[in-house]
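Student: So that we are looking at the same thing, I have put the structure below in structure tokens.
The values are calculated or read from the model by the stated rules, or taken from the named source; none is laboratory data. Computed from a predicted model, the values in this text were never measured in an experiment. Neighbour counts run over all protein chains shown; Cβ positions are idealised from the backbone, glycine included. For accessibility, only protein heavy atoms count, side chains too; no ligands or nucleic acids. Shrake-Rupley method; radii C 1.70, N 1.55, O 1.52, S 1.80 Å.
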Amino acid sequence: MARVIYCSVMHFANFFVFVLIADLCAASGSPDGTKTVEFNVKPGGVQHTFSETIRDHECSFTYASQGGTNEQWLMSIGLSDDDKLFSCSIWRPQGKSYLFFTQFKAELKGAKIEYANAYSQTSEGGQRDVALKPEEFTVGDSTVTHTDGKFRAELSKLTMIGRTKHDEL
């Protein structure tokens, strides 16, 4: 019974994400409504932050990782034409990261998160996205952070969609 409820909840969550993304994509036809930027995730245990901005909205990714060498990651941000939805995705396009993340925090400035998820593996080369367990990360009003003592140091993708604090006149 619990498995049926879990599957139903997951199906609803996936449908909700699809509707939000479709709404955002349909509304963001302007050239400055979206952008994707490449950046390096650097090991060494030192905290680093990478951020991108569209108009008054910012997505930032703060992390510390160990092992290996620099990895190329991407950050895509999008703002709907009506300024009501702001999205940010941060991921390693080659799939699974080989770095061990000791901490992470992603933040949307100027938006309240309506949906967020974190993944240990991204779909690449026939693989599928593998979501972190819900207890491994915490979703706040504007942040997604690792959960101390629960996060297993595997991160390859973060996705957030937020409703902006856009006021109607």
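Conditions tested, residue by residue: (1) in contact with an Asp or Glu (Cβ under 9 Å, 6 or more places away or on another chain); (2) open to solvent by less than 80 Å² (accessible area, probe 1.4 Å); (3) among the small types (Gly, Ala, Ser); (4) not in a loop (DSSP other than H, G, I, E, B).
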| site | (1), (2), (3), (4) |
| --- | --- |
| Gly126 | no, no, yes, no |
| Thr138 | no, yes, no, yes |
| Asp141 | no, no, no, no |
| Val144 | yes, yes, no, yes |
| Gly149 | no, no, yes, no |
| Ala153 | no, yes, yes, no |
| Leu158 | no, yes, no, yes |
| Ile161 | yes, yes, no, yes |
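Student: Tell me which residues, restricted to the stretch 92-124, are among the small types (Gly, Ala, Ser) and in a strand (DSSP E or B).
Tutor: Once the filter is applied, which keeps residues that are among the small types (Gly, Ala, Ser) and in a strand (DSSP E or B), the stretch 92-124 yields Ala106, Ala111, Ala116, Ala118, Ser120.
Student: Continuing with the same structure: Counting only residues that are without any contact (Cβ under 8 Å) to a residue 40 or more places away in the chain and in contact with a Ser or Thr (Cβ under 8 Å, 6 or more places away or on another chain), how many does the stretch 81-98 have?
Tutor: Within the stretch 81-98, residues that are without any contact (Cβ under 8 Å) to a residue 40 or more places away in the chain and in contact with a Ser or Thr (Cβ under 8 Å, 6 or more places away or on another chain) number 1.
Student: Counting only residues that are part of a strand (DSSP E or B) and open to solvent by 10 Å² or more (accessible area, probe 1.4 Å), which one in the stretch 72-91 is farthest from Ala106 (Cα to Cα)?
Tutor: Gln72
Student: If you check Gly68 against the conditions, is it part of a loop (DSSP other than H, G, I, E, B), open to solvent by less than 40 Å² (accessible area, probe 1.4 Å), closer than 22 Å to Glu38 by Cα and touching a residue at least 12 places away in the same chain (Cβ under 8 Å)?
Tutor: no
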